[in-house]
Amino acid sequence: MKSLKENFQKVHVLVIGSGIIGKFNALELSELGFQITIIDPTQDKNSSNAALGLLMGNIYQKRKGRSWTLRKQSLELWPIWLKHLQAFNNELNIEKPLIQLTTNEETFKKLKKFINENNDQNLKSLEGDSIIIENINKAFQTRNIKGIISKKDGRINAGTLLKTIDTCLKNKKVNFLKDKVIKIRKLNTHWIATSKTKKEIKSDVIILCNSLNTIDLIDNLSHNIKLKPVLGQAIEISVNDAEVDLLALPKHFNINGKNIIPVSKNKLIIGSTDEYSTKPEENIFEKLTNIIDKKPNWLVKAHVLKRWSGIRSRPDGEPSPIMKNLGDGLIICTGFYKNGILLAPACSKWVANEIKNYFS
Ligand SMILES: Cc1cc2nc3c(=O)[nH]c(=O)nc-3n(C[C@H](O)[C@H](O)[C@H](O)COP(=O)(O)OP(=O)(O)OC[C@H]3O[C@@H](n4cnc5c(N)ncnc54)[C@H](O)[C@@H]3O)c2cc1C
């Protein structure tokens, strides 16, 4: 009898979209032995390349339901994938811990309650007596910042991750097509995807990982999937290092919903905001640097070195993400308006199980 892997080698899977979700699906399935093609017109201009890579799993305050289950599974899968990917790039790492901070007393009380209720050794509250808080308060010239630290969460550099997955996929002989799919149809036992340049790609399975454009490729009258664009923005700023010691700050942290990543003694990345629009705003510096009530001087005087943004898709009328098996070898894995980097391993595992069941 042939092994499952040998059987899978005959199955051709077309992954539409090469953001982190498409690439992770390709990674998981190529490891299982499937023949994979990924198609995307613009590999590096998607929201995955804009992501800051914070992995907020264990710090998530709802400890039940689908979202928590996906986070929990991803937290378990990430160390395994990391080890696998490090064989292709030993610089790829998850930098732990993750620190979530607030200046709002009520929010802090809720964070403390969450820790007490869950009795999780990997979570701790951070107050004025902690050296971390002392340094952050000093940098932001306040006394009001406090929060929690999660030893299990952290950050992976999204750009490095995507490049490492590319190397791994190349090694697995995954085929990459630079083109846009404009139509898909079922023809007998196969799927035919028609591209903008009029190529016809035949496959046994299609996985739709093409964010907002997913709905253009399905019969939405029967499936009724709605996706809204959500803009995320980030800036890299330069500051006067005589006025603030960025190196005394943690490698990444979040204050009042803004993610902050000091990258050198005078450079800092700040992101991201959730806006229901598609156009980056002009006053992005003001918006992103409004971290606490009174901005420290070094932040007022900072200069923007780089700004970037990404448009993600948020499901309308159902929870994020959308993972649906539409039957006949057509699967949707999209709608990651947040946490796509974190959730990629758990979601790809779900897709792989659906495909394995379809062929067994
Ligand atoms: C500024 C910013 C910061 C973020 N920070 C974090 C973070 O810290 N942690 C975290 O986990 N998440 C973060 N995110 C969210 C994360 O980036 C997303 O959840 C994730 O990138 C979604 O990945 P995706 O593969 O679904 O979509 P995308 O990366 O947008 O990829 C979709 C791809 O589909 C392709 N495509 C579209 N239509 C077609 C078609 N017809 N044919 C072929 N290809 C097509 C597009 O070209 C694109 O490459 C952030 C996002 C932004 C913008």
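The table that follows gives values for the structure above.
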quantity: Net lengthening on full extension, Lys10/Asp219 (0.36 nm per residue, minus Cα-Cα); calculated: 72.5 nm
quantity: Cα convex hull of segment 276-360, projected area averaged across orientations, nm²; calculated: 8.5
quantity: Diffusion coefficient, µm² s⁻¹, Stokes-Einstein with Kirkwood Rh over alpha-carbon pairs of segment 189-248 at 20 °C and 1.002 mPa s; calculated: 131
quantity: Helix-only mean residue ellipticity at 222 nm for the chain, each DSSP H run of n ≥ 4 adding -39500 (n - 2.57), per residue, nearest 500; calculated: -9000 deg cm²/dmol
quantity: Mean Cβ count within 10 Å, highest first, over the residues of peptides 337-344, 194-201; calculated: 337-344, 194-201
quantity: Gyration tensor (Cα) of segment 260-312, equivalent ellipsoid semi-axes in angstrom; calculated: 21, 14, 10
quantity: Cα extents of segment 87-136 along the three principal axes, largest first (Å); calculated: 45, 27, 17
quantity: Listed residue (Ile36, Phe140, His12) projecting farthest to the positive dipole end of segment 12-156, Cβ model; calculated: Phe140
quantity: Total lysine pairs under 24 Å (Cα atoms) in segment 1-55, excluding pairs fewer than 8 apart on one chain; calculated: 4
quantity: Distant alpha-carbon pairs in segment 144-231 (separation over 22 angstrom), percent; calculated: 53
quantity: Pairwise label distance in nanometres, Gln141 with His84, each label 7 Å out on the Cα-Cβ vector; calculated: 4.9
quantity: q = 0.10, 0.15 Å⁻¹, segment 16-149: log10 I(q)/I(0) [Debye, one scatterer per Cα]; calculated: -0.49, -0.93
quantity: Most to least packed among 17-24, 137-144, 252-259, 345-352 [average Cβ atoms within 10 Å]; calculated: 17-24, 345-352, 252-259, 137-144
quantity: At q = 0.17 Å⁻¹, base-10 log of I(q)/I(0) for segment 41-120 (Debye sum, equal scatterers on each alpha carbon); calculated: -0.92
quantity: Ordering of 312-319, 105-112 by burial proxy (mean other Cβ atoms within 10 Å per residue, highest first); calculated: 312-319, 105-112
quantity: Glu95 accessible area, 1.4 Å probe, all protein chains in place, Å² to nearest 10; calculated: 80
quantity: Longest to shortest principal axis, alpha-carbon extents of segment 207-333, angstrom; calculated: 62, 26, 23
quantity: When the chain is reduced to its Cα atoms, the Kirkwood hydrodynamic radius in Å; calculated: 21.7
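The values are calculated or read from the model by the stated rules, or taken from the named source; none is laboratory data. Keep in mind the model is a prediction, meaning the values are calculated, not measured. Don't worry about glycine lacking a Cβ; one is built from the backbone with ideal geometry, like all the others, and counts go over all protein chains shown. Side chains are part of the model used for accessible areas, which takes the heavy atoms of the whole protein and leaves out ligands, DNA and RNA. Shrake-Rupley method; radii C 1.70, N 1.55, O 1.52, S 1.80 Å.
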